[in-house]
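Structure record follows, encoded as structure tokens.
The values are calculated or read from the model by the stated rules, or taken from the named source; none is laboratory data. Since this is a predicted model, take the numbers as computed values, not measurements. Don't worry about glycine lacking a Cβ; one is built from the backbone with ideal geometry, like all the others, and counts go over all protein chains shown.
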Amino acid sequence: MEANKFNDEIGHPEIQEQLLNSIKTDRLPHAFIFYGNEGCGKEAFAIEVAKLLNCEKGPLFICQNCSSCLKISHLQHPDIQFIFPTPSTGNVKPEDIGESIREKAQNPYRRVRFRGKNSFISIDTVRDLKREAKYKLYEGQKKVFIISEADEMRPEAANALLKILEEPPANLMLILITSRIHRILPTIRSRCQLIHFAPLDGDQVVKIIHKYQPDPPEHLSRIIRLALANIKLAFDFIEEDVLEQRDLAVDFLRKVVIIEKSQELLALIDKITASRDRRQMGQLLFFLLTWFKDALHCQADPTRNEYLINMDLTQNLQGFVKGYPGADYAGSIAAVQDAVRELEDPRNLNPTLIFNNLAIKLNSLIKRN
Ligand SMILES: [Zn+2]
């Protein structure tokens with residue numbers, strides 16, 4: 001029988017092989033960067049790596065059942081640290097961080113987050129890590145520090161991390177995780193082994209959802225389609241009323257093209273930005289993007305709908321595309337992507353302005369003749 005190694009649904013077999021080989025040949029680096037699109041299972045994979053390096057039945061084996069494997073699964077192993085962006089110290093309670101860790105342990109594919117707050121990895125966090133790295137092992141065989149969303153490090157934190165990478169203590173494995181590799185300092189990148197993670201395929205997404213969400217919603221297939229195989233997004237969508245958010249996006253678009261009703265548009269923008277929850281606003285932009293991508297498809301070939309992300313809105317989409325034959329959808333996609341970037345920039349303090357500008361741009365892009 002094939003030895004029980006990585007968790008069944010973990011996927012990425014080539015990367016599993018690569019890791020096992022580096023251990024066999026004693027060429028394990030001190031630090032990895034796992035990069036690739038959001039929601040392809042990088043964090044879940046890093047947790048498995050921590051088990052691989054610490055399983056009591058090892059090496060080259062993960063039993064999933066020894067005390068070490070179980071503690072790591074629960075993210076409660078004293079030699080394993082799971083770091084993620086948090087609001088500044090004054091804005092977050094330690095018990096909330098504990099709760100996030102517990103949720104992550106229950107489902108390693110879900111997002112760890114603090115709604116509506118500006119989160120980052122602070123220099124204090126990295127200093128704690130540096131101190132922790134010097135201690136002897138508590139009970140494991142190798143310390144593993146997993147830094148999720150490593151691109152959310154402030155420059156001073158990144159420089160502190162660089163110090164650890166320059167003189168890595170023996171018995172420490174650092175795993176940085178990012179879906180925005182371009183935001184990681186080149187000096188950090190050059191000291192880590194980079195591993196690219198490809199997106200999960202549809203079957204794997206379904207398998208993972210059924211494992212961690214035993215009672216999935218009725219419209220699961222629609223959600224998976226909308227989440228574009230991003231497993232993190234799929235779990236967000238299961239948790240929230242995502243279809244309502246999409247309705248809001250479609251409503252926004254409807255009002256954008258009817259300039260005579262600008263009062264209604266402004267009222268809607270107020271509604272969208274009232275919560276101050278940038279992630280939710282980002283979700284709305286995400287749905288605008290899916291709409292325009294679909295519109296491009298419809299424009300190219302109105303007879304086929306099997307590629308549409310919003311397949312359930314085929315008729316609305318076709319009507320829209322027919323109504324605005326001169327629309328520039330590629331330009332519209334670029335305009336929404338600009339808005340996404342502006343919204344993600346914490347220096348940008350006025351989301352209402354971002355949506356107002358987007359509305360004006362989209363109006364002229366869609367209503368071209
Ligand atoms: Zn084990």
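Numbers below:
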quantity	calculated
Evaluation of residue 270 against (1) within 25 Å of the chain's Cα centre (by Cα); (2) closer than 25 Å to residue 351 by Cβ; (3) surrounded by fewer than 21 Cβ atoms within 10 Å (Cβ to Cβ) (one fails), failing number	(1)
Among residues of segment 119-141, those that are more than 21 Å from residue 160 (Cα to Cα) and surrounded by 13 or more Cβ atoms within 10 Å (Cβ to Cβ), counted	3
Condition broken by residue 29, with the remaining ones in (1) touching a strand residue (DSSP E or B) at 6+ places or on another chain (Cβ under 6 Å); (2) within 11 Å of the ligand (Cβ to nearest atom) satisfied	(2)
Only listed residue being under 23 Å from residue 323 (Cβ atoms), surrounded by fewer than 17 Cβ atoms within 10 Å (Cβ to Cβ) and among the charged types (D, E, K, R), chosen from 246, 276, 254	254
Members of segment 174-196 found to be farther than 22 Å from residue 80 by Cα, assigned to a loop (DSSP other than H, G, I, E, B) and of a type in the set (A, V, I, L, M, F, W, C), listed by number	184, 185
Qualifying position, being in contact (Cβ under 8 Å) with a residue 24 or more places away in the chain and under 19 Å from the mean Cα position of the chain (by Cα), among 231, 164	231
Test: residue 158 is touching a His at 6+ places or on another chain (Cβ under 6 Å) and of a type in the set (A, V, I, L, M, F, W, C)	no
Whichever residue in segment 76-111 is surrounded by fewer than 19 Cβ atoms within 10 Å (Cβ to Cβ) and hydrophobic (A, V, I, L, M, F, W, C) and, among such residues, is farthest from residue 210 (Cα to Cα)	92
Selected residue [in contact with a Cys (Cβ under 6 Å, 6 or more places away or on another chain) and assigned to a loop (DSSP other than H, G, I, E, B)] from 69, 63	63
Within segment 42-60, tally of residues that are within 7 Å of the ligand (Cβ to nearest atom) and closer than 17 Å to residue 9 by Cα	1
Of all residues in segment 1-41 being without any contact (Cβ under 8 Å) to a residue 12 or more places away in the chain and of a type outside the set (D, E, K, R), the one that is surrounded by the fewest Cβ atoms within 10 Å (Cβ to Cβ)	1
Output for segment 61-109, where each listed residue is more than 16 Å from residue 42 (Cα to Cα), of a type in the set (Ser, Thr, Tyr) and more than 16 Å from the ligand (Cβ to nearest atom)	86, 88, 89, 100
Unmet requirement for residue 39, which otherwise passes all of (1) among the small types (Gly, Ala, Ser); (2) away from the ligand (no atom under 11 Å from the Cβ); (3) part of a helix (DSSP H, G or I)	(3)
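Conditions (1) surrounded by fewer than 16 Cβ atoms within 10 Å (Cβ to Cβ); (2) assigned by TED's automatic domain parsing to the domain that holds residue 154; (3) of a type outside the set (A, V, I, L, M); (4) in contact with a Ser or Thr (Cβ under 7 Å, 6 or more places away or on another chain), marked per residue:
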site	(1), (2), (3), (4)
290	no, no, yes, no
305	no, no, yes, yes
311	yes, no, no, no
321	no, no, no, no
